[in-house]
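Student: Below you will find the structure I want to go over with you.
The values are calculated or read from the model by the stated rules, or taken from the named source; none is laboratory data. Just so we're clear, the structure is a prediction, and the values are computed from it rather than from any experiment. Please note: Cβ atoms are built from the backbone with ideal geometry, for glycine as well, and neighbour counts cover all protein chains shown. These accessible areas exclude ligands, DNA and RNA; they are computed on the full protein's heavy atoms, side chains included. Shrake-Rupley method; radii C 1.70, N 1.55, O 1.52, S 1.80 Å.
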Amino acid sequence: MKTVFLFPGQGSQHPRMLKDYSLTDSIVANIFSEAELVLGEPIKTLDTKERLASTVFAQICLLIAGVISARRLLSRGIKADYVAGHSVGAFAAAVIGGVLSFTDALKLVWDRGTLMEQAYPKGYGMLAVTGFQLPRLQQIVNQHNQHHSIVYLSNINAADQQVIAGEIVSLSALAGALESAGIQKAQLLNLSVPSHCPLMQGVSTALKDSVAGLKLNEPLIPYCSNYSGRILTTAETIGDDLWKSVASTVKWFDATTLIYESGVRAFIEVSPSGVLSKIAASSFPEARIMSMDSQNLDTVSWLWRDSETV
């Protein structure tokens, strides 16, 4: 049975998300030491409620947690046949896939978060919607955009679960229109920037230059693309995905459907959250879904080994 590691994106962060990691674990100690060397401050200062209100620190904490969680899984002999990172989770996926060093990923994510925050410091965000298939949703969004500030389809997470980016005032008006049309759920996310849409083109261009200055290694594990929804197997295409995706719609449903069709039946979401595992459970009910937030490492290890015998 093939396995994918899922790495969550921004919106999954929460205060004290790094506090439960013990420095007696050599994986944790090494990651914390490397991060502190790059960032120049103690890890314990990064995941406060005040710090996580910043896009920069939210993304940095997600990277750290994702890499620690995945390396702990690998240390138990749990093998990943694919890595799939949602939004900023792609950087942790690239580290675990062997394409990026953790140090380079920290620097890129710091630059990414800083550029995003500087471009749109306030008044923008993202709206998660559940309950409409894409054609119906797109029709309502197109009608909305004729009379309001333009909003953009930023994530396609499942057949009936999408995210829209733009100005908060416009997103709030859209939420009202969707609720009137009978949408199951329309909720503003814990995000302060309009990710994965043309508003981020300047950030994407700057990241392209940053990625070009790095040494990328050929992947040890196939990587699922946010930008194209395809499986990538070269350093060049993965590097391109890291900078292109910030200004383009995340094709998560396409990517996860493709790996499911390729034989993946075990989906393991690393810490934090459980959002991606819930989406996977809804999209692929016959798969075995595991989440590091709701099941400890011993339980996930046992479930994975049990699935290997099925």
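Student: What number of residues in the range 119-150 are at pLDDT below 95, surrounded by fewer than 17 Cβ atoms within 10 Å (Cβ to Cβ) and touching a strand residue (DSSP E or B) at 6+ places or on another chain (Cβ under 7 Å)?
Tutor: 1
Student: Can you find even one residue in the range 208-217 that is within 19 Å of Ser154 (Cα to Cα), at pLDDT 95 or above and either of a type in the set (A, V, I, L, M) or surrounded by 15 or more Cβ atoms within 10 Å (Cβ to Cβ) (or both)?
Tutor: For the range 208-217, residues within 19 Å of Ser154 (Cα to Cα), at pLDDT 95 or above and either of a type in the set (A, V, I, L, M) or surrounded by 15 or more Cβ atoms within 10 Å (Cβ to Cβ) (or both): absent.
Student: Then there is this: If a residue has to be over 25 Å from Val275 (Cβ atoms), part of a loop (DSSP other than H, G, I, E, B) and either without any contact (Cβ under 8 Å) to a residue 24 or more places away in the chain or under 16 Å from the mean Cα position of the chain (by Cα) (or both) to count, how many in the range 172-214 make the cut?
Tutor: 1
Student: While we're looking at this one, here's another question. In the set Gly85, Gly89, Gly98, which member is surrounded by fewer than 24 Cβ atoms within 10 Å (Cβ to Cβ), assigned by TED's automatic domain parsing to the domain that holds Lys244, out of contact with any His (no Cβ under 7 Å at 6 or more places or on another chain) and not aliphatic (A, V, I, L, M)?
Tutor: Gly98
Student: Also, quick follow-up: Residue check: is Lys19 open to solvent by 10 Å² or more (accessible area, probe 1.4 Å), at pLDDT below 95 and assigned to a helix (DSSP H, G or I)?
Tutor: no
Student: I would also like to ask the following. Would you confirm, using the coordinates I've provided, whether Lys79 is touching a residue at least 40 places away in the same chain (Cβ under 8 Å), under 28 Å from Leu232 (Cβ atoms), open to solvent by 30 Å² or more (accessible area, probe 1.4 Å) and not in a helix (DSSP H, G or I)?
Tutor: yes
Student: Provide a single number: the residues in the range 296-310 that are within 27 Å of Cys61 (Cα to Cα) and either buried (at least 18 other Cβ atoms within 10 Å of the Cβ) or among the small types (Gly, Ala, Ser) (or both).
Tutor: Total satisfying the criteria: 3.
Student: Tell me, which residue of the range 262-295 that is within 21 Å of the chain's Cα centre (by Cα) and open to solvent by 80 Å² or more (accessible area, probe 1.4 Å) is nearest to Leu6 (Cα to Cα)?
Tutor: Taking the candidates together, the pick is Lys278.
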